[in-house]
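Here is the structure we will look at.
The values are calculated or read from the model by the stated rules, or taken from the named source; none is laboratory data. These figures come from a predicted structure and were not determined experimentally. When we count neighbours, we look across all protein chains shown, and the Cβ atoms used for this are built from the backbone with ideal geometry, even at glycine. Accessible surface areas use protein heavy atoms only, side chains included; no ligands, DNA or RNA. Shrake-Rupley method; radii C 1.70, N 1.55, O 1.52, S 1.80 Å.
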Amino acid sequence: EARIRGGFNNTNVSYGAKAYLVEDEPNASDRINSMIYSGIFNSRTGINDTNVFSTGEDITRAVDPFNGSIQKLHAEDSNLIIFQEDKVSRALIEKDAIYTAEEDTAVTTSNKVIGQIIAYAGDYGISTDPLSFDSYGYQKYFTDRRRNAVLRLSQDGITEISQYGMKDWFRDNLNSFTSSIKIKGAYDRHAKQYVINLHTVGTGL
């Protein structure tokens, strides 16, 4: 409604001056180590704020850029597992960890969607092969071609499973940093084995 009180002959209210900014050189910025989250989604109440990004709230979280870009995110219970090129971490969802003087950990509730980020022990990541990831139960499998390793992440941390019998083979075949080599992985739930496929893009092999 543009007229005061909606009257036919009442004063018409104009929009007035509009402020705008002309950017002569618009440049995009890629934040390869950052995450952002939107408003909530609730199918029961019909709330859908997934297109709302409030700049007045702290809605971004970043990991150490020294460990490369974020390649994979995996939700598990109330944690978010973050796979970077050279590191694996977990972020607490809507809670924070408090460390006591005895180095014990206590978890408290928090109003932050993505809370404290805790890195797993070991200098391993997923390199640039997010397709090598698969999970079964509380076990996650992935490869790190930069360290010639096939890895398993479970509740006791990261284990290099490629050193059990096939360490030399993976050292010779994973040590390829060319983008033409792709690694895909999947967990065979019947044979209880993690299977990977190394193939060259465009050849089908």
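List of remarks:
- First in region 8-35 and touching a residue at least 24 places away in the same chain (Cβ under 8 Å), second anywhere and open to solvent by 90 Å² or more (accessible area, probe 1.4 Å) and assigned to a loop (DSSP other than H, G, I, E, B), Cβ under 6 Å, 6 or more apart: none
- Those strands (runs of 3 or more DSSP E) lying entirely in region 125-192 with at least 2 residues modelled with pLDDT under 90: 181-188
- Top-ranked residue of region 52-95 - restricted to ones that are open to solvent by 40 Å² or more (accessible area, probe 1.4 Å), hydroxyl-bearing (S, T, Y) and assigned to a loop (DSSP other than H, G, I, E, B), ranked as modelled with the lowest pLDDT: T55
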